[in-house]
Each structure stands twice: as structure tokens, then as C-alpha cells.
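Peer 1: One structure is given below, represented as C-alpha cells, and several questions about it will come after.
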Amino acid sequence: MKILALLGSTRKDGNSQYLTETILEGTDHTVVSLADKQINAIIDERHSEAGFSPVEDDYEELLDLLLSHDVLIFSTPLYWYGMSGPMKNFFDRWSQYLRDEKLNLKEELTKKKAYVVVTGGSSAKVKGLPLIQQFNYIFEFVNMEFVDYVIGTGVKPGEVRDDRLALEKAKQWRNEFQR
């Protein structure tokens, strides 16, 4: 089982990253910080006769990684009750590549298992639920299995280390991935 974790935070060594690294410890995995990649915002050309224009950025490299892994972990802080900007740009670009017949992306995504990691302030376990629902709708649209999610509490770097329930769930996932 090959695991790809996509980190959506723009903060290095933040709570989302810590919780994700806790999950991944001792597993065969790849971690990519979306903030370290150039992912241009989508220019919506779905309805133009010519279709989407080529975009010179790192997105196709990310798609290659995505397609070569079995398990996908989408990790993001809760930003204004939604996913981070880099994560949103990542998903928005699916509109372009789901139409690329060479990739057959939608069919390939049906073979993947999705997990979601969200971290945020003290109310994140409740106010982050609409974001979990958004991820669910995204995965449902492409028929990708949404296995599980964890919402951790932490604002300042390191605070998630005090969230015993999130850390316990992270360890459960890790045990599952190590099998």
C-alpha cells in the first residue's frame, strides 16, 4: 500500500503536518506540501470550444504522484471554515484534468482510498464538519472511497499534541496502514 499525503498548510511544522506525520510514522509514504508547489488557479474554460489551455506549473507532477499511490491523505488546517487555499486550488484543477481523456482521471480515482486530516481551534471538531462534508461530496463525485477523517484541535504549532482523541485516531490509522 503506497500512501500519498498532500499537506495543504502554508505553515511549516504546523498542527496538520504533525498529525499527518503521526499517522505516517513507519509506513511506506510520500508527503508533498502543496504550498511548496506552483499550482496556478484554474481558468475555467470548460465551456469554450477549444477547452482548457495548457498550464505551466507543477500540477501534472502532482497528478502523477496521485495516480501512483493507493491511499490519499488530504491534510489541511481549517481556514475560515474551509480548506486552505493551496488545497482548494488543487481540487479546483480537477475540473480541468477530469476532462483530459489521456489521463482517465475519474476512473483512476475510483481505485483510491481517501482520508482527511483537519486541524483548527477549539471549535474545529464541530465547525470543521461542513468541510468534511465538502470532502465527502468531492470524493462522491469521482466515486472515490472516503474511508475516514480526523479533526484535531490546535491553533499554535504543537497544540495538537494535547488532543488525545485525535492522536489516538492517528495511531489507529497508522496501525491499519502498517498491515
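The values are calculated or read from the model by the stated rules, or taken from the named source; none is laboratory data. What you see is a predicted model; the values in this text were computed from it and never measured. Glycine also receives a Cβ, built like all others from the backbone with ideal geometry; neighbour counts cover every protein chain displayed. For accessibility, only protein heavy atoms count, side chains too; no ligands or nucleic acids. Shrake-Rupley method; radii C 1.70, N 1.55, O 1.52, S 1.80 Å.
Peer 1: When DSSP assigns beta bridges and you keep just the ones with both residues in the stretch 33-179, what percent turn out antiparallel, to the nearest 5? Could you put the intermediate results ahead of the total?
Peer 2: On the way: 1 of 16 bridges.
Here the share of antiparallel DSSP bridges comes out near 5 percent.
Peer 1: With label points built 7 Å along Cα→Cβ from the Cα atoms of residue 50 and residue 132, find their separation and express it in nm.
Peer 2: 4.5
Peer 1: As a check on your grasp of the helix formula, calculate [θ] at 222 nm for the chain: sum -39500 (n - 2.57) over DSSP H runs of n ≥ 4, divide by the residue count, round to the nearest 500. Provide the component values of the computation, followed by the final result.
Peer 2: Values: 8 runs with 67 residues, N = 179.
Helix contribution divided over all residues of the chain: -10000 deg cm²/dmol.
Peer 1: Here is a follow-up. Taking θ as phi - 60°, what are the ³J(HN,Hα) couplings along the stretch 119-134 by the Karplus curve (6.51, -1.76, 1.60), each to the nearest whole Hz, with x for Gly and Pro?
Peer 2: Computed from phi, the couplings for the stretch 119-134 are 10, x, x, 4, 9, 4, 5, 9, 6, x, 4, x, 5, 4, 5, 4 Hz.
Peer 1: For residue 78, list long-range residues whose amide hydrogen, built 1.01 Å from N in the peptide plane, is under 5 Å from its own amide hydrogen.
Peer 2: 119, 120
Peer 1: Just the number, please: percent antiparallel of the DSSP beta bridges in the stretch 1-112, rounded to the nearest 5.
Peer 2: On the way: 1 of 11 bridges.
Expressed as a percentage, antiparallel bridges in the stretch 1-112 total about 10.
Peer 1: Cross-link list 102/171; 102/127; 12/169: which exceed 31 angstrom alpha carbon to alpha carbon?
Peer 2: The pairs that break the limit, which is 31 Å between Cα atoms, are 102/171; 102/127.
Peer 1: Okay, next question. Ignoring ligands, DNA and RNA, what percent of the accessible area of the chain is carbon or sulfur (1.4 Å)? Display every interim value, and only then the final one.
Peer 2: On the way: 4490 of 9510 Å².
Summing carbon and sulfur atoms, their accessible area is 47 percent of the total for the chain.
Peer 1: Along each of its three principal axes, how wide is the spread of alpha-carbon positions in the stretch 25-179, in whole angstrom units, largest first?
Peer 2: 53, 36, 27
Peer 1: Taking only protein heavy atoms into account and a 1.4 Å probe, give the accessible area per residue of the chain in Å².
Peer 2: Averaged over the residues of the chain, the accessible area is 53 Å².
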